[in-house]
Amino acid sequence: MENASTKWGFFQGNEEPKAASTLTVRDVLATIMENLDGADQRPTIPLGHGDPSAFPCFRTTLVAEDAIVESVKSAKFNCYAPAGGILPARRSVADHLSKDLPYKLSADDVFLTVGANHAIEVIITALARPGANILLPRPGYPLYEARADFSNLEVRHFDLLPEKGWEVDLDAVTALADDRTVAIAIINPGNPCGNVFRYEHLQKVAETARKLGILVIADEVYGHLSFGSNPFVPMGVFGSIAPVLTLGTISKRWIVPGWRLGWIAITDPNGILRKSGVVKSIQSYICITADPPTLIQGAVPQILEKTAEGFFSKTVNLLREAADKCYDGINEIPCITCPNKPEGSMSAMVKLNLALLEGIDNDMDFSFKLAKEESVIVLPGVAVGLKNWLRITFAIEPAALEDGLGRIKAFCRRHAKKD
Ligand SMILES: *Cc1c(COP(=O)(O)O)cnc(C)c1O
């Protein structure tokens, strides 16, 4: 019989079982979708999340599809894989990344993960220890906060500065850090801001990390997806200034997020992360966590080595045109502004001018009402750390983007303050 006075062991003291306390993009988008008006005959325009794979113009390369088919048919990849991934796949990631670095990575420097999201889990889990803290960008990618929270790793936020093209506020970084700080994370090309850091700025980030004695986590899931004046420079280029853990994936550049293949690369030519035990910690966690399916791993060498330059340039051109269309369209609408033209990744941050709007309380309210009235989904900025901003993902079919921008314009006009 259940007895009210029973004290179960796992509830002793005031401690409750852990639950993620931070907002996730998935949760916020799911809540907004509930506001869609089922009677609207128009198609829903998804400007909320970065997964263009559903659009025919963003279909992946045949090379990647063939690589998977061959991997299956070979019957060589039906087995369990070793922790960290099969050697040919790790070697091909190492070679792929080494092309852009002043030193050469080996297969031992690479761990395959179940997409970059899993790479974030592995790194945060490996770095967490009582009393330690990590420096994260605001706005940012909220999975970092959620993972840190789950591992009891304290988060301290530094701002990305819109007036400086979303560069890192390096003075704030120095002021935030103390002797319990383990790492600073940067995302380049940037999600959610669509910025691409200049070479000189990345060098300053590395120098700041060196001064503070911390490592750099470089989230480069949008690596090479840059289409403005700043070329993409991998953070690993500065690995001899401060040690870098580089995160990558095939999800974005090859537009196959469902294939769940990412990696962590130790871009640290001085071997500091090995000496300090960080690599060992990553290795030991990799041994007790999930692996990407072996059949996908089997396809990695072909995917990385055989994809034609033409596929990449086609994607980058599509993104450039979409970014231009998005920037121009937004800036035609009085109540929202995009301070910086996106030059990389798939999204932009847009500021709401609430003073020009009637009956809209904040970014969440804006997104709910926009979904309800216009069947357009955008992500409220609070979900990525910036209240009263919106994140707009422009990586969709051009006609749908135009349609979506038109509906946002109609919505803003309808809700404009009359004076
Ligand atoms: C999409 C994304 C990831 C996750 O990539 P997956 O390989 O799909 O897990 C990680 N970081 C950022 C900044 C992203 O935008």
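The values are calculated or read from the model by the stated rules, or taken from the named source; none is laboratory data. Because the structure is predicted, anything quoted here is derived from the model rather than measured. Neighbour counts are summed over all protein chains in view; Cβ atoms, including those assigned to glycine, are modelled from backbone coordinates with ideal geometry. These accessible areas exclude ligands, DNA and RNA; they are computed on the full protein's heavy atoms, side chains included. Shrake-Rupley method; radii C 1.70, N 1.55, O 1.52, S 1.80 Å.
Suppose the filter is touching a residue at least 40 places away in the same chain (Cβ under 8 Å) and of a type outside the set (D, E, K, R); does residue 168 pass it?
In short, no.
Take the conditions (1) open to solvent by less than 40 Å² (accessible area, probe 1.4 Å); (2) in contact (Cβ under 8 Å) with a residue 60 or more places away in the chain; residue 153 misses just one of them, which is (2).
For the condition touching a Phe, Trp or Tyr at 6+ places or on another chain (Cβ under 8 Å), within 27 Å of residue 327 (Cα to Cα) and charged (D, E, K, R), what is the one hit in 219, 159? It would help to see each step written out before you state the result.
Numbers: 159 fails: touching a Phe, Trp or Tyr at 6+ places or on another chain (Cβ under 8 Å).
Just one listed residue meets the conditions, 219.
For the stretch 207-234, how many residues are outside any loop (DSSP other than H, G, I, E, B) and out of contact with any Gly (no Cβ under 8 Å at 6 or more places or on another chain)? Qualifying residue count, the stretch 207-234: 10.
Only one of the listed residues (167, 145, 163) is over 17 Å from the mean Cα position of the chain (by Cα) and not β-branched (Val, Ile, Thr). That residue is 163. The sole residue among 191, 230 that is open to solvent by 10 Å² or more (accessible area, probe 1.4 Å), under 24 Å from residue 52 (Cα atoms) and under 18 Å from the mean Cα position of the chain (by Cα) is 191. In this structure, residue 95 does satisfy being under 15 Å from residue 305 (Cβ atoms) and over 22 Å from the mean Cα position of the chain (by Cα). Among the residues of the stretch 114-134, those identified as in contact (Cβ under 8 Å) with a residue 60 or more places away in the chain and more than 16 Å from the ligand (Cβ to nearest atom) are 126, 127. Output the residues belonging to the stretch 264-285 that are open to solvent by 10 Å² or more (accessible area, probe 1.4 Å) and either part of a helix (DSSP H, G or I) or within 16 Å of the ligand (Cβ to nearest atom) (or both). Matches in the stretch 264-285: 272, 274, 275, 278, 280, 281, 283, 284, 285.
Give the residues of the stretch 56-76 that are under 21 Å from the mean Cα position of the chain (by Cα) and open to solvent by 40 Å² or more (accessible area, probe 1.4 Å), sorted by residue number.
59
Can you name every residue in the stretch 235-263 that is assigned to a loop (DSSP other than H, G, I, E, B) and within 15 Å of the ligand (Cβ to nearest atom)? Walk me through how you get there before you give the answer.
First, the residues of the stretch 235-263 that are assigned to a loop (DSSP other than H, G, I, E, B): 239-243, 250-256, 260-261.
Answer for the stretch 235-263, where residues must be assigned to a loop (DSSP other than H, G, I, E, B) and within 15 Å of the ligand (Cβ to nearest atom): 250, 251, 252, 253, 254, 255, 256, 260, 261.
Here residue 27 fulfils each of the conditions (1) under 30 Å from residue 286 (Cα atoms); (2) acidic (Asp, Glu); (3) more than 20 Å from the chain's Cα centre (by Cα) apart from (3). Screening residue 137 against (1) closer than 25 Å to residue 381 by Cα; (2) within 16 Å of the ligand (Cβ to nearest atom); (3) open to solvent by 10 Å² or more (accessible area, probe 1.4 Å); (4) not in a strand (DSSP E or B) leaves a single unmet condition, (4).
Any idea which residue in the stretch 198-214 is nearest to the ligand (Cβ to nearest atom), counting only those that are open to solvent by less than 10 Å² (accessible area, probe 1.4 Å) and in contact with a strand residue (DSSP E or B) (Cβ under 7 Å, 6 or more places away or on another chain)?
Here is the first cut: in the stretch 198-214, the ones open to solvent by less than 10 Å² (accessible area, probe 1.4 Å) are 201-202, 205-206, 209, 214.
When the remaining residues are screened for being in contact with a strand residue (DSSP E or B) (Cβ under 7 Å, 6 or more places away or on another chain), the result is 201, 205-206, 209, 214.
Working: 201: 18, 205: 16, 206: 19, 209: 19, 214: 20 Å.
Checked the stretch 198-214; the qualifying residue nearest to the ligand (Cβ to nearest atom) is 205.
Taking the stretch 365-410 as the range and being out of contact with any Phe, Trp or Tyr (no Cβ under 9 Å at 6 or more places or on another chain) and among the aromatic types (Phe, Trp, Tyr) as the test, the residues that pass are 368, 389. Scanning the stretch 227-243 for residues that are polar (S, T, N, Q) and closer than 26 Å to residue 347 by Cα yields 229, 230. Here residue 111 meets the list (1) assigned to a helix (DSSP H, G or I); (2) within 16 Å of the ligand (Cβ to nearest atom) almost entirely, failing just condition (1).
Taken over the stretch 91-105, the criterion of being over 20 Å from residue 294 (Cα atoms), surrounded by fewer than 24 Cβ atoms within 10 Å (Cβ to Cβ) and more than 16 Å from the ligand (Cβ to nearest atom) is satisfied by 98, 99, 100, 101, 102, 103, 104.
Here's the yes/no breakdown for (1) over 30 Å from residue 313 (Cα atoms); (2) within 16 Å of the ligand (Cβ to nearest atom):
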| residue | (1), (2) |
| --- | --- |
| 23 | yes, yes |
| 37 | yes, no |
| 43 | no, no |
| 58 | no, yes |
| 81 | yes, no |
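Tallying residues that are open to solvent by 40 Å² or more (accessible area, probe 1.4 Å) and either closer than 27 Å to residue 77 by Cα or of a type in the set (S, T, N, Q) (or both) within the stretch 296-323 yields 6.
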